[in-house]
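Structure first, commentary second.
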Amino acid sequence: MKINLKVWRQKGPDAPGKLVDYALDNVSQDMSFLEMLDMLNEKLIVEGEEPVAFDHDCREGICGACGVVINGQAHGPNRRTTTCQLHMRSFNDGDEIYIEPWRARAFPIIKDLMVDRTAFDSIIQAGGFISANTGSAPDANEILVGKDVSDHAMNAAECIGCGACVASCKNASAMLFTAAKAEHLNTLPQGKPERNVRVQKMVLAMDEAGFGNCTNTGACEVQCPKGISITNIAAMNANYVRSMAGSEVKVTK
Ligand code: SF4
Ligand code: FES
């Protein structure tokens, strides 16, 4: 296939950026989207140009590193598919493909298609953990957990922290990510004792990082490669309100 690319190039965080045209011949339909970008970079290196910077790690849909906006959609046209799991067979010979970085104030651009997602780390550092020693696996397995509770927690735990929810939200809200990380722990018996403080701290960290508010448009759920449900947001909101009304601890920082 022949593919016409328009790739966002930006030398650094404060440099001006622009879309640059590249044409690639002999793109195989079996290539992944990132392999196609590798092919572009090999061509650029041979031609003495600087390769395009983009993030990736596992290339198996697990790590969440590879997010880019493809033709206006976070992770591209296929539902529940990370950029690394997207294949060129999803495109046609002669297609024009726009490739841009996540765009959100809380995710500043580092270079080209790479953004800084440290803001997500700050939310996890605020409350995405259990501080009690829960013992080894056999100890943890002695606590019976209902199937519905376990399913709810494990569905939330599927979040890979890619940031597509933020990039696809008109408010650049991180509510889906934060809710998934909070609900995963809040639902299980080991996480319940700290849930009031956890939800308050994580919401505060989310606001301080500069993410916008949720207005229930649902774009995050549609673009999430792991299908995290916005019902997690409703559950976190309910938990937050309950914790502010009933908890002896108020996190104000
Ligand atoms: S909720 Fe979905 S879109 Fe958002 S960070 Fe997690 S996996 Fe990515
Ligand atoms: S590179 Fe790890 S999810 Fe895509």
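The values are calculated or read from the model by the stated rules, or taken from the named source; none is laboratory data. All values reported here derive from a predicted model rather than from experimental measurement. For neighbour counting, all protein chains shown are included, and Cβ atoms are generated from backbone atoms with ideal geometry for every residue, glycine included. Note: areas computed on protein heavy atoms with side chains; ligands, DNA, RNA excluded. Shrake-Rupley method; radii C 1.70, N 1.55, O 1.52, S 1.80 Å.
Of note:
- Pair list, Cβ under 6 Å, 6 or more apart: the stretch 68-96 residue in contact (Cβ under 8 Å) with a residue 24 or more places away in the chain, other residue open to solvent by 10 Å² or more (accessible area, probe 1.4 Å) and assigned to a helix (DSSP H, G or I): 74/167; 74/168; 74/223
- Breaking point among (1) over 28 Å from residue 54 (Cα atoms); (2) within 16 Å of ligand 1 (Cβ to nearest atom); (3) of a type in the set (S, T, N, Q), for residue 223: (1)
- If you go through the stretch 1-21 and keep only what is aliphatic (A, V, I, L, M) and surrounded by 17 or more Cβ atoms within 10 Å (Cβ to Cβ), you end up with 1, 3, 5, 7.
- A count restricted to the stretch 128-158 and to residues that are in contact with a Leu (Cβ under 8 Å, 6 or more places away or on another chain) and either open to solvent by 60 Å² or more (accessible area, probe 1.4 Å) or not small (Gly, Ala, Ser) (or both) stands at 4.
- The number of residues in the stretch 51-91 that are of a type in the set (Gly, Ala, Ser) and open to solvent by 40 Å² or more (accessible area, probe 1.4 Å) comes to 2.
- Picking from residues in the stretch 92-116 that are farther than 28 Å from residue 183 by Cβ and among the acidic types (Asp, Glu), the one that is surrounded by the most Cβ atoms within 10 Å (Cβ to Cβ) is 112.
- Conditions (1) hydrophobic (A, V, I, L, M, F, W, C); (2) assigned to a loop (DSSP other than H, G, I, E, B); (3) within 17 Å of residue 112 (Cβ to Cβ); number of the one not met by residue 63: (3)
- Scope the stretch 200-218; condition surrounded by 15 or more Cβ atoms within 10 Å (Cβ to Cβ) and either more than 14 Å from ligand 1 (Cβ to nearest atom) or not in a loop (DSSP other than H, G, I, E, B) (or both); matching residues: 200, 201, 202, 203, 204, 205, 206, 212
- Residues satisfying the stated conditions in the stretch 22-49, i.e. over 27 Å from the mean Cα position of the chain (by Cα) and open to solvent by 40 Å² or more (accessible area, probe 1.4 Å): 23, 25, 26, 28, 42, 43, 45, 46, 47, 48, 49
- Residue satisfying all of: in the stretch 159-199; away from ligand 1 (no atom under 11 Å from the Cβ) and not in a helix (DSSP H, G or I); surrounded by the fewest Cβ atoms within 10 Å (Cβ to Cβ) among these: 170
- Among the residues of this structure, residue 119 counts as one that is buried (at least 21 other Cβ atoms within 10 Å of the Cβ), in a helix (DSSP H, G or I) and away from ligand 2 (no atom under 16 Å from the Cβ).
- Selection of first residues in the stretch 229-253 that are on the phi > 0 side of the Ramachandran plot and in a loop (DSSP other than H, G, I, E, B) and of second residues that are surrounded by 11 or more Cβ atoms within 10 Å (Cβ to Cβ) and at pLDDT 95 or above, restricted to Cβ pairs under 7 Å at least 6 apart or on distinct chains, gives the following pairs, ordered by first then second residue: 253/204.
- Looking only at the stretch 20-44, residues that are in contact with a Leu (Cβ under 9 Å, 6 or more places away or on another chain) and either closer than 22 Å to residue 110 by Cβ or not in a strand (DSSP E or B) (or both) come to 9 in all.
- Residue 221 vs. criteria open to solvent by 50 Å² or more (accessible area, probe 1.4 Å), farther than 27 Å from residue 146 by Cβ and within 22 Å of the chain's Cα centre (by Cα): no
- Pairs are defined by a Cβ separation below 7 Å, a sequence spacing of at least 6 or placement on different chains, a first member in the stretch 6-35 that is more than 17 Å from residue 93 (Cα to Cα), and a second member that is away from ligand 2 (no atom under 16 Å from the Cβ) and polar (S, T, N, Q); the pairs so defined are 17/10.
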